[in-house]
Number of protein chains: 2
Amino acid sequence: MKRTFCLLSGILLSATLLNAQKVTRWVNPFIGTGAVESSLSGNNYPGATVPFGMVQLSPDTRKAPDWAQASGYDYNDHTIFGFSHTRLSGTGAADLIDILLLPTTDGRNQSNFSHKQESAHPGYYQVLLTDDNINAELTATTHVGLHRYQFPTGADAQVILDIDHSANKGSWGRRIINAQIRIVNSTTVEGYRIITGWAKLRKIYFHIEFSKVILSSAMSDGDRKYKDVSVINGTNLLATLHFNVADGNALISKVALSPVSIENARLNMAKEVPEWNFDAIASEAETKWEKALSKINVKGTDLQKELFYTALYHAMVQPNTMSDVNGEYMAADYTTRHLPEGETHYSTFSLWDTFRAAHPLYNLIQPDREADFVKSMIRQYDYYGYLPIWQLWGQDNYCMIGNHSIPVIVESIMKGIPHLDNEKAYEAIHNSLLTPHPNFPVETWEKYGYMPENRQSQSVSITLEQAYDDWCAAQLAKKLGKNEDYTRFVKRSEFYRNLFNSTSGFFQPKDNKGNWIEPFDPYKYGANGGYPFTEGNAWQYLWYVPQNIPALIQLIGGDKAFAGKLDTFFTTHHQSGELNDNASGFVGQYAHGNEPCHHVAYLYNYVGQPWKAQKYISHIIDSFYNDSSSGYVGNDDCGEMSSWYVFSAMGFYPVNPTSGIYVIGTPVLEESAIKLANGKIFTVKAPRKTADEIYIQSARLNGKTYSKTYITHQDIMNGSTLEFKMGKKPSSWGKSPSDRPLYTAYN
Amino acid sequence: MKRTFCLLSGILLSATLLNAQKVTRWVNPFIGTGAVESSLSGNNYPGATVPFGMVQLSPDTRKAPDWAQASGYDYNDHTIFGFSHTRLSGTGAADLIDILLLPTTDGRNQSNFSHKQESAHPGYYQVLLTDDNINAELTATTHVGLHRYQFPTGADAQVILDIDHSANKGSWGRRIINAQIRIVNSTTVEGYRIITGWAKLRKIYFHIEFSKVILSSAMSDGDRKYKDVSVINGTNLLATLHFNVADGNALISKVALSPVSIENARLNMAKEVPEWNFDAIASEAETKWEKALSKINVKGTDLQKELFYTALYHAMVQPNTMSDVNGEYMAADYTTRHLPEGETHYSTFSLWDTFRAAHPLYNLIQPDREADFVKSMIRQYDYYGYLPIWQLWGQDNYCMIGNHSIPVIVESIMKGIPHLDNEKAYEAIHNSLLTPHPNFPVETWEKYGYMPENRQSQSVSITLEQAYDDWCAAQLAKKLGKNEDYTRFVKRSEFYRNLFNSTSGFFQPKDNKGNWIEPFDPYKYGANGGYPFTEGNAWQYLWYVPQNIPALIQLIGGDKAFAGKLDTFFTTHHQSGELNDNASGFVGQYAHGNEPCHHVAYLYNYVGQPWKAQKYISHIIDSFYNDSSSGYVGNDDCGEMSSWYVFSAMGFYPVNPTSGIYVIGTPVLEESAIKLANGKIFTVKAPRKTADEIYIQSARLNGKTYSKTYITHQDIMNGSTLEFKMGKKPSSWGKSPSDRPLYTAYN
């Protein structure tokens, strides 16, 4: 499955020379950018961005990216259509892909390229456009993309500005509503486009400055073509700008974006990139990444460090800044609003994915940003009446199921993230749970005590995931003394029981009369509607009671039955009908390529078989993460696949992120040290003599023997040191019932 | 063609009792609302609005109005679907139609009604919904619609709030992008909808208050249905609200709109309708109309007064206020902007129609508003780079041809409309004329000296109309001392000559090689593209050189040839192929149902045959305006057909609005008196002993014998009195060459 190629060596060579001490050198932005043979791609992109930036400036190798190449780039392609400024990382659906620039010498709107003449590191991307022999370099600040194009001597230097280019117009009713390109003066171009798509309505204003004078221009709106006009309005706009590059210097373009206004795009540039020093900006970008990535310092093999820091990098390319430098943003009611001083508005919340491990990771290494993420989610509540499901460009696209802003917010409050208004957050959670919205008919939920499939499709998956969200809300209700609400939500958090069929041993769909819906096939996959299971099957959803694994064990018949069922799960290769596209990375029925299974290997700890958790987690890490262009075994899903890796490679994972408990897996890194916001450092040490020492033999927490198969958030925040002795054989470590993970750390 | 019905008598009865002195009593809002037999409809509506208001609150008798019932109402229908708050008056295409309310007692979403139980006067509409026996009354302020529903005793009083209802979603790619209904408290509902359609992007925010408590509610988004929820987001939203009306009092609903935000909708209501006095608001609305309509006081028959004041009313239901009471508006770049103190932002500029007579009328009776209209047009220039073609909801839909903001703005400056910035206005005009945009490829224009049909369709119509716009720009250039520009634009204003085929005696299309395109058929109609003529034929466009009729006369071969050609025009009934839908109201080839011919009858004055002008104008007035529901012989086109009537009934018409010259036709009113903003009154007297005294025998201006067939704007502004002696036979009045209309009053 793994193709040998030279990414790592190329990266290492340049990185070693320049930045021997930096962890950014371990990031390989090409990981996840293209399928290898029959594998899936992470749907990542190799371009330039800063942590949590608005701009993701990257090459587009697809004219109209859609599902499979949602980021706009596929490592298997050989043609670049230009460099556009926004995109999603790792999603299964495409959107954004705004404001494309392409340098050319003959007006052609694409060029071949070769990976041999392409390079990237955090905040920087470079490629030789071989058709015209133009070297293109990209870097970025939060709101500004910088392009540096070195044209061949004597060339007719042109830049195509294509603001029609977008994700596939055949999806989501995508359509440009109106757009403008205006040549403001001999070095400045401005404009906007208003577009509807996966994000219902986006306004993208841009302000572009060039380091050289525009000699002449041609603009078009589809068939309407004009030479040297100052402004064009329409829907399919493109400009070709000619420059004098006779001095041999590169042409630099600075492209500032704003979701609010052209004036704000100008302000964003004035604040972030007033000068023309491309190298300084690229260096700043790398410094920002260095700061963000070095929150965790690890020791391990070069490959381990490459995979770890690339995963950590992918986890932090979103959520994305959505406010301008002056604090203005487009609110969820399509008005322009102003933030309180010092706050930033963020979006790109792929919550069905990211509540599991990405937000727990942000809570550890980006607590201030996590506070802004939570506030940004609550801002949606202010205008929608409920919290985000899947929020893109500040609006909900209702993708997937559940109300997984709730675990994110509750986790953040429980973990003491600063600057949050607990009462306001609770109001948002409470009202989200009592206000029906797509895939959440609350009165049906409370009336039946489950989702009947004939009332609400994806009923089993929703029942399981919603029960978890209700549990999270109950914990906050309890903390805030809302006892009546606590009782209501705790009751709802138990609704998963009503779909457990003790005869079959699975969660199964019922109709509104309470009858099991037959026939039932635990191997059969659903997608996103029309079937009781979401992007998975009954086997995969069997394990989704993270709020109360002991209760799930009891339902399934006790420790032995549960462990046996886990064994069957990881070893049964049967398949019924078509797989869902998102199902991949199989270990029996376990599918690491999608999120519902991500916690399952850790569940062995709850029945006294931690060595099996270690075995499967080790297998998953080894099998499903690599440094090829494929990289991941499925979509990275806005950094969720990456965040699983970050936690698991360090040796622990938030099975229930809201509980304050992290369950121990098998650390593959020799050492990991998390620099916490409180100034303390949490360290995990797990030296292995050989790579096959995957089993924990013993552990010490702060020097004391430690046999529990979990740690608490407080252990981490105390700056503890957790040391493991690893071995090739399973040991008896962690097998005692008293070693099993706690229900919650907060009782 | 005229069906006898009781509108007038019904109106007069109530009006006479209440408002014996008011001119509003002469307005019949049902005129123009429905075809009679094979006639066309004016596409007007009978509902409640105030002069130039944002709200047009009127019954919708169509579920999804489109071309033929663009206003949402057809007098021939028997079913009302509810009352929505915005619409267009007299257009050929539908849009707006926002926020529909329908009272019901059984949840049905429509009701029968009868014209016998329906009434309307300016600012007020009433109908009995016969299915449920609910009396519904409507009134409005600029931003707020008021509904008063009297339910039957003991009824289950319900109001359906339908924010999915719109113009036909099959046209203009119309689609609701996002929408919300929120029940804020027991008497308040708010929300918005974002919609794309003929206007590219509209945001309509609403704030609704009810005089009674909402007992219960049901909301739906298509198939998604919920009871008693506080908020719903989606695209196809509807709410059913139940009220307790046991006290027997009517339910009043106040609906405030804003194009900017819900907060602004609240402000609009707080400013305009803080209380619950429906009758007071209806009375205020009527007072506003009385003030606007009584700018012209006329004497004549009751029918003449009914037609005149209804026409004057229809001329002033648009352009529409687009800014909120706090001065905020959505600018043409989709940002929210703030107006200078004291200004109002307007839109609905159907300029291909309204530059002819509607704006000249506003210049006389609404000069302050005309100043705001001009400023509003210039605001589009600020964001588009050129002035409006057809502006709706603050954005251009590029409907029709020409750059007819230019005559409007130049006319206003020439006539001394206050508060205009001449240099800024000139900049907007200049740049509009040098910046290509849809239907105006300026480099083609200047390169060829005409539009070649194989480069720009509708080439002959555009060439003629654009030449006029260039002439207007030249006049302003001259006034402002821009001599180089003057030369350039005057040259362009002569380009019509390049398409005159002296062999055929018609303006004919050429290709880019300069060859006449054959075959040529002067009777064949074009529509809106794909043919050299726009909504007309070569006969109708032959006359469009308003800037220089003497030159046109020379082209055609002198006075005699010109007069002969006019005679042929008005008497030849030949037809080739299909008529354009907009062609109707024929007198030979003359078609009063559309605008290109509107000035033609007046042209007889230019060749010494004023009696023929009088004859045909009299015929047009008599034949094509009536008090049936049809009313007009074609679409009223945002008051343009009405404005022709207002001028022509008074006895003069702005053949070239920018020239300061009004050409005399045949006054049908006994007396008309225009109250001017300078405090003076311009009076036309034309007593007739019998209706067939259509010919002017002699005239006096300020008591002095007057034989000229025109007056100047200065004559009007001086508060002159123009008296006519009328007779049954043509006279020699105005026949002398020296009596012919001047080229311009400003030289």
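The values are calculated or read from the model by the stated rules, or taken from the named source; none is laboratory data. As the structure is a prediction and not an experimental result, all values here were calculated from the model. Cβ sites come from the backbone with ideal geometry, for glycine too, and all protein chains shown count toward neighbours. Note: accessible area is taken over every heavy atom of the protein model, side chains too, but ligands, DNA and RNA are not part of it. Shrake-Rupley method; radii C 1.70, N 1.55, O 1.52, S 1.80 Å.
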Would you pick out the residues in the stretch B:561-584 that are at pLDDT 95 or above and of a type outside the set (A, V, I, L, M, F, W, C)?
B:Gly564, B:Lys565, B:Asp567, B:Thr568, B:Thr571, B:Thr572
So is B:His430 open to solvent by 20 Å² or more (accessible area, probe 1.4 Å), out of contact with any strand residue (DSSP E or B) (no Cβ under 9 Å at 6 or more places or on another chain) and modelled with pLDDT under 95 or not?
no
Quick count over the stretch B:452-470, residues being away from chain A (no Cβ under 14 Å) and assigned to a loop (DSSP other than H, G, I, E, B), is 3
Residue count for the stretch A:633-677, restricted to those that are part of a strand (DSSP E or B) and either within 19 Å of A:Leu351 (Cβ to Cβ) or open to solvent by 10 Å² or more (accessible area, probe 1.4 Å) (or both):
4
What about B:Gly191, is it surrounded by fewer than 22 Cβ atoms within 10 Å (Cβ to Cβ), at positive phi and either within 37 Å of the chain's Cα centre (by Cα) or not β-branched (Val, Ile, Thr) (or both)?
no
Within the stretch A:353-445, which helices (runs of 4 or more DSSP H) (wholly inside it) include 3 or more residues that are within 14 Å of chain B (Cβ to nearest Cβ) and within 25 Å of A:Lys482 (Cα to Cα)?
A:367-384, A:422-434
Of (1) open to solvent by 40 Å² or more (accessible area, probe 1.4 Å); (2) within 39 Å of the chain's Cα centre (by Cα); (3) farther than 24 Å from A:Ile195 by Cα, A:Leu238 fails just (3)
Leading residue by the ranking (surrounded by the most Cβ atoms within 10 Å (Cβ to Cβ)) among those in the stretch B:138-174 that are in contact with a helix residue (DSSP H, G or I) (Cβ under 6 Å, 6 or more places away or on another chain) and part of a loop (DSSP other than H, G, I, E, B)
B:His143
Among the candidates B:Ile177, B:Ile183, B:Ile194, B:Ile204, single out the residue that is in contact (Cβ under 8 Å) with a residue 60 or more places away in the chain, assigned to a strand (DSSP E or B) and either over 26 Å from B:Tyr398 (Cβ atoms) or within 14 Å of chain A (Cβ to nearest Cβ) (or both).
B:Ile204
Does any residue of the stretch A:311-329 turn out to be over 22 Å from the mean Cα position of the chain (by Cα), surrounded by fewer than 24 Cβ atoms within 10 Å (Cβ to Cβ) and charged (D, E, K, R)?
yes
Give the stretch A:261-280 a look and list any residue that's outside any loop (DSSP other than H, G, I, E, B), among the hydrophobic types (A, V, I, L, M, F, W, C) and away from chain B (no Cβ under 14 Å), or say none.
A:Met269, A:Ala270, A:Phe278, A:Ala280
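Results for (1) out of contact with any Gly (no Cβ under 8 Å at 6 or more places or on another chain); (2) more than 14 Å from chain B (Cβ to nearest Cβ), shown as yes or no for each residue.
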| site | (1), (2) |
| --- | --- |
| A:Ala239 | yes, no |
| A:Leu251 | yes, yes |
| A:Val255 | no, yes |
| A:Pro259 | no, no |
| A:Ala282 | no, yes |
| A:Lys295 | yes, yes |
| A:Lys299 | yes, yes |
| A:Asp302 | yes, yes |
| A:Phe308 | no, yes |
Checking A:Gly342 against (1) without any contact (Cβ under 8 Å) to a residue 60 or more places away in the chain; (2) small (Gly, Ala, Ser); (3) open to solvent by less than 10 Å² (accessible area, probe 1.4 Å); (4) farther than 26 Å from A:Tyr398 by Cβ, the condition it does not meet:
(3)
Determine, yes or no, whether B:Asp627 is under 20 Å from B:Met316 (Cα atoms), open to solvent by less than 10 Å² (accessible area, probe 1.4 Å) and assigned to a loop (DSSP other than H, G, I, E, B).
no
Of everything in the stretch A:319-345, what is more than 20 Å from A:Leu201 (Cβ to Cβ), more than 14 Å from chain B (Cβ to nearest Cβ) and among the polar types (S, T, N, Q)? Give them in sequence order.
A:Thr344
Is there a residue being surrounded by 22 or more Cβ atoms within 10 Å (Cβ to Cβ), among the acidic types (Asp, Glu) and within 25 Å of A:Ile674 (Cβ to Cβ) anywhere in the stretch A:593-602?
yes
Report, by residue number, each residue of the stretch A:299-310 that is among the β-branched types (Val, Ile, Thr) and surrounded by fewer than 24 Cβ atoms within 10 Å (Cβ to Cβ).
A:Thr301
If a residue has to be within 11 Å of another protein chain (Cβ to nearest Cβ) and open to solvent by less than 10 Å² (accessible area, probe 1.4 Å) to count, how many in the stretch B:207-233 make the cut?
4
Checking the condition crowded, with 24+ Cβ neighbours inside 10 Å, in contact with a strand residue (DSSP E or B) (Cβ under 9 Å, 6 or more places away or on another chain) and within 26 Å of A:Val460 (Cα to Cα), which residue from A:Asn605, A:Asn582 passes?
A:Asn605
